[in-house]
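No value in this document is a laboratory result; all are computed from the given coordinates. Since the structure is predicted, the reported quantities are computational estimates derived from the model, not experimental observations. Heads up, the Cβs are rebuilt from the backbone with ideal geometry, glycines too, and the neighbour counts pull from every protein chain shown.
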């Protein structure tokens, strides 16, 4: 063996040993037992759901990256199995990206959460003149849930008109009322303030810096990926991607509030970016993860794009779920420990929430 070959082999061996050492340190820092036996507990926790027919991807990560991942079942019935690179519809988990985009614009001094909606949206009627960006972010503007069905075409202009013409469910700031309208309007505001298409802004300022090239509406080259589909088409569509491609620029019934496609691998990258303060500052994250308004259930609050669950006996949980005609997703984070759980599925036999909750409880029961 020549000198160069020997040096190459030694360098590779050092790289492997260093990578293993760093991976072990990352795992030890994040898992309660500080050893690999926790992986066995994780596998044990999810096995009942696998036995019941769970199909999808499951990932647990810390600030260094993935510490556990497993995929089960078929992403495309009869064609392709699930993997952590399978493209899934994250539905309302998309809202955190809209909130993050707003916070980036705030950090750049281009707007503030106390700004009135009327500074950016035209022809705001009297009953909505007091709505602020904060109200939109926290579902406390009073808007009803939706202004149209996802599969219905809606241009940006027509959507603004429908939203402003809609009747409020509650008075501005009176209480929490979950609303996709508010987040769709926030996406419109991102476009107006940044002078960029919403998806382009997300890519340039969030996804690209985080290394998330498998996340978006239409921008990625989806032909390179396996996209999860449902067995029985909804309104002729087998996936959220097909709906996105059909509507193109007239998807404003869900742009901002849902409809983003991603992979388990990319959602880990997003967690790492948040954990390291790489894209959104810790000051902004503190605002995003603060319990601003009470939700429907006791002990649950809403921040900016996240549901917040403060505990007396353990660290705060920040999370969001998503549900559409094409699948369900759960994204749970424990910021103090820099831990993340992501579960996504294209089938309804087993709720991703049940899997995520089992994982969450497992991460604590050994403490």
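Key figures
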| read-out | value |
| --- | --- |
| Förster-model FRET efficiency, 45 Å R0, residue 175 and residue 218, C-beta, rounded to 0.05 | 0.80 |
| Residue exposure sequence - 290, 257, 324 - by fewest surrounding Cβ within 10 Å | 290, 324, 257 |
| Radius ratio Rg over Rh of the chain, counting only Cα atoms, Kirkwood formula for Rh | 0.99 |
| Normalised convex hull volume, the range 198-291, alpha-carbon set, Å³ per residue | 130 |
| Degrees separating the helix 180-194 axis from the principal Cα axis of the chain, which is the longest one | 90 |
| Helix 264-275 axis, angle to the chain major axis (alpha carbon atoms, nearest 10°) | 80 |
| Additional length obtainable on full extension of the chain from residue 316 to residue 153, 0.36 nm per residue less Cα span | 54.8 nm |
| Ordering of 347-353, 166-172 by burial proxy (mean other Cβ atoms within 10 Å per residue, highest first) | 347-353, 166-172 |
| For 238, 144, 278, order by how many other beta-carbon atoms lie within 10 Å, fewest first | 278, 144, 238 |
| Acute angle (nearest 10 degrees) that the helix 352-365 long axis makes with the longest principal axis of the chain, alpha-carbon atoms | 60 |
| Alpha carbon centroid spacing (whole Å) that separates the range 326-367 from the range 55-101 | 11 |
| The range 203-293: relative contact order in percent, alpha carbon pairs under 8 Å with at least 6 residues between | 37 |
| Within the range 32-365, percent of DSSP bridges classed antiparallel, to nearest 5 | 95 |
| Computed [θ] at 222 nm, deg cm²/dmol, the chain (DSSP H ≥ 4; -39,500 (n - 2.57); rounded to nearest 500) | -11000 deg cm²/dmol |
| Extension gain, residue 115 back to residue 52 (0.36 nm per residue minus Cα-Cα distance, nm) | 17.8 nm |
